[in-house]
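Q: Dropping a structure here in structure tokens format, bear with me for questions.
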Amino acid sequence: MIELLAPAGNLETLETALYFGADAVYMAGKQYGLRAFADNFTEDGLRRAVQVTHAQGKKLYITVNSVLWNRDLTELAPYLRYLAEIGVDAVIATDPAVLQLISKFRIPLSIHISTQANTTNYLSASFWHERGASRIVLSREVSLAEIAEMRQKVPGDLELEAFVHGSMCIAHSGRCLLSSVLTGRSGNRGACAQPCRWEYYLYEKGYEGQYFPVMEDNQGTYIMNSRDLMMIEHIPELAEAGITSFKIEGRMKSAYYVASVVHAYRRAIDKYESDPQGYRFDKSLKDELVKSASRGFTTGFYFGNPHQEGQDTQRTVDPRAYTFTGKVISVPRSGVLEVEQRNKFSIGETLEVLSPYFENASFTVQFIYDMNGTEQESAPHPQQHVR
């Protein structure tokens, strides 16, 4: 069985991921994760997240994958004990200190080795397995052929997980110092400022104030900006290579992003698993992913080094034909929705429904009332509740 693993930066995205069909969710507490600017979860929040996830028969993994210093170790063992106590299914770790403490204190936690550990070969994978790891989150830089070879040469009970969708880091396995050097915010401590997404210019000494764009074949100047990974057209190849957990990137992303990506991959995986021999890709799933995109797409390193194909040298993206307008809160009566507004919409506009229970559904807005019953021509206010 293929596991669809989704990101959650807060409770809303957690619930969204589960609702749209994720088998498991990964998130972070307030410390030791690599997304310091996500909302993340307090200890009480983590307990609640475990309860919500397990109530649906799904799994929950916690990232403990930041670079650890001496000062970080004092609270690490108590934190790991707490994660075990509340029933977390696994921790995602990079630093051997996490494995040592789990072993030393016999903390009942499964261990997944983070992509930050840069595992690119079967000997490294076996090394981690011998030290207690049950799963390897593979480096983004390995190809499908290399993964297939690893699958053949690692222990049978060692699971392989790989990213299939989302943002790509310009540095090898995310090991980047740009943010730390330029802004003092370390990407290896969860505080990356993403300077690889910035626009850069050159200037010649003695001619300060005269800036020259760094050009690439007249395409633009965003020379370090990577396209986003998208492998939804290649579900069979991923499965046949031996990947058992398909991971979506995006703990900083919105609930809409999580909904649309999980929804598309859920449908593709289910269709493949129901009939692997007769599987045919549904192009509408790719179209759905494009609606939530902010950059172009690439297949990453799965079919070899992407070179120019993997870069997105222009900051601008195609104008979006779709806008996320609202989240349905409830259906108080037939034909009426209570909606939390996310972008302005008006009477007469056609809205598309994104739901695991409806396919290609849409409707035209016939009326809008605020919660006091006052009619409105539109819903212009952020997060306003309307019917």
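Every read-out reported here was derived from the displayed coordinates using simple, explicitly stated rules and does not represent laboratory data. Predicted, not measured: the structure shown is a model, and the values here were computed from it. Don't worry about glycine lacking a Cβ; one is built from the backbone with ideal geometry, like all the others, and counts go over all protein chains shown.
Q: Determine the shape class of region 1-146: with a ≥ b ≥ c the square roots of the Cα gyration tensor eigenvalues, call it rounded for a/c under 1.5, and otherwise prolate if a/b is greater than b/c, oblate otherwise. Mind showing how you got there, number by number?
A: Details: a/c = 1.62, a/b = 1.14, b/c = 1.42.
Oblate is the answer for region 1-146, as a/c is 1.5 or above yet b/c matches or exceeds a/b.
Q: Let me ask another. Students often forget the sequence filter, so: which aspartates and glutamates lie under 12 Å Cα-Cα from residue 253 once same-chain residues fewer than 8 apart are removed?
A: Excluding near neighbours in sequence, the set is 12, 39.
Q: A follow-up question, please. Normalising by the residue count of region 61-186, find the relative contact order in percent from Cα pairs under 8 Å and 6+ residues apart.
A: Details: 164 pairs, mean separation 24.9, N = 126.
So the answer I get is 20 percent.
Q: Right, next: Hey, which of these cross-link pairs are over 26 Å Cα-Cα: 58/327; 58/104; 58/344; 58/271; 153/286; 30/58?
A: Numbers: 58/327 23 Å; 58/104 29 Å; 58/344 35 Å; 58/271 20 Å; 153/286 33 Å; 30/58 22 Å.
Going by Cα-Cα distance, 58/104; 58/344; 153/286 fall outside the 26 Å limit.
Q: Show me 283-294, 143-154, 91-102, 67-78 ranked by packing, highest mean number of other Cβ atoms within 10 Å first. Working shown, then result.
A: Numbers: 283-294: 15.2, 143-154: 17.1, 91-102: 21.7, 67-78: 12.7.
Highest to lowest by the protection proxy: 91-102, 143-154, 283-294, 67-78.
Q: Mind ordering 1-7, 111-117 by average Cβ neighbours within 10 Å, highest first? Mind showing how you got there, number by number?
A: Details: 1-7: 21.3, 111-117: 24.7.
Result, highest mean first: 111-117, 1-7.
Q: For residue 162, what is the net charge nearby, where nearby means another residue's Cβ is under 12 Å from its Cβ and Lys, Arg count +1, Asp, Glu -1? Walk me through the numbers on the way to the answer.
A: Values: positive: 135, 140, 151, 247; negative: 3, 141, 146, 159, 161, 237, 249.
Spelling it out: positives minus negatives among the neighbours equals -3.
Q: Show me 50-59, 363-372, 11-20 ranked by packing, highest mean number of other Cβ atoms within 10 Å first.
A: In descending order of packing, they fall as 11-20, 50-59, 363-372.
Q: Can you work out the Karplus-derived ³J(HN,Hα) for every residue in region 234-241? Use 6.51 cos²θ - 1.76 cosθ + 1.60 with θ = phi - 60°, whole Hz, and x for glycine or proline.
A: Those phi angles translate into 10, 4, x, 5, 5, 5, 5, 6 Hz.
Q: Could you tally the net charge around residue 260, taking each other residue with its Cβ under 12 Å from the Cβ of residue 260, Lys/Arg +1 and Asp/Glu -1? Don't jump to the answer; show the numbers that get you there.
A: Working: positive: 253, 266, 267, 286, 291; negative: 287, 288, 352.
Around residue 260, the charge tally is +2.
Q: What is the distance in Å between the Cα centres of region 368-387 and region 326-360?
A: First find each Cα centre; the distance between them is then 13 Å.
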